[in-house]
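Just below is one structure, and these are the notes that go with it.
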Amino acid sequence: MKMSKKHCDKLKQSWIGRYDDKPNPLLGRKLSDKHIRALTGPRPHTRGKNAPNWRGGITKQDRLERLRFQRTIQKQVFKRDDYTCQFCGERGGKLQVDHIQPWAEYVEGRFDMDNCRTLCMECHYKITFGRPMPSEIKSWGHNLKEVI
């Protein structure tokens, strides 16, 4: 990655005097171009297996299925239902796809359009838990999508 001289100079100046309240060994020092490139360039040493949160490349199957559902079926269900909650009739807002037969219990129906319906966040909460959504909850659900 090649940086312009102007960008390098600007970056060098941003490091000078950054920590005025704490002793800093860099205070007043100019950074070399090599050091600047190391700070701003790509960091392949922190990706994949070298990332600090790496846990063997294992993503739970349920998470992968939910991502696949969001990328494929979710948009189709919203479009079919005309971006309208099938319970209260509100159009737009914070919409979610509800599985009529539960996601966890009816595995073969997860990607079945006939098992899905569009609900607003409040109605989805009410159907799932049998009570109105508390006012302190701002967001709930796996596949929240705000549609205007």
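The values are calculated or read from the model by the stated rules, or taken from the named source; none is laboratory data. This is a predicted model, so every value here is computed, not measured. Note that each Cβ is placed from the backbone with ideal geometry, even for glycine, and that neighbours are counted across all protein chains shown.
Quick notes on this one:
- Residue 70 being of a type outside the set (Gly, Ala, Ser) and touching a helix residue (DSSP H, G or I) at 6+ places or on another chain (Cβ under 7 Å): no
- Hits in region 19-46 - residues which are hydroxyl-bearing (Ser, Thr, Tyr) and modelled with pLDDT under 75: 19
- Of 117, 71, all but one fail to be modelled with pLDDT of 90 or more and either outside any strand (DSSP E or B) or in contact with a Pro (Cβ under 7 Å, 6 or more places away or on another chain) (or both); the exception is 71.
- Verdict on residue 56 being at pLDDT below 90 and assigned by TED's automatic domain parsing to the domain that holds residue 141: no
- Residues located in region 46-84, provided they are under 30 Å from residue 118 (Cβ atoms) and among the basic types (Lys, Arg): 60, 63, 66, 68, 71, 75, 79, 80
- Region 68-114 - residue that is closer than 18 Å to residue 139 by Cα and acidic (Asp, Glu) and, of those, surrounded by the most Cβ atoms within 10 Å (Cβ to Cβ): 98
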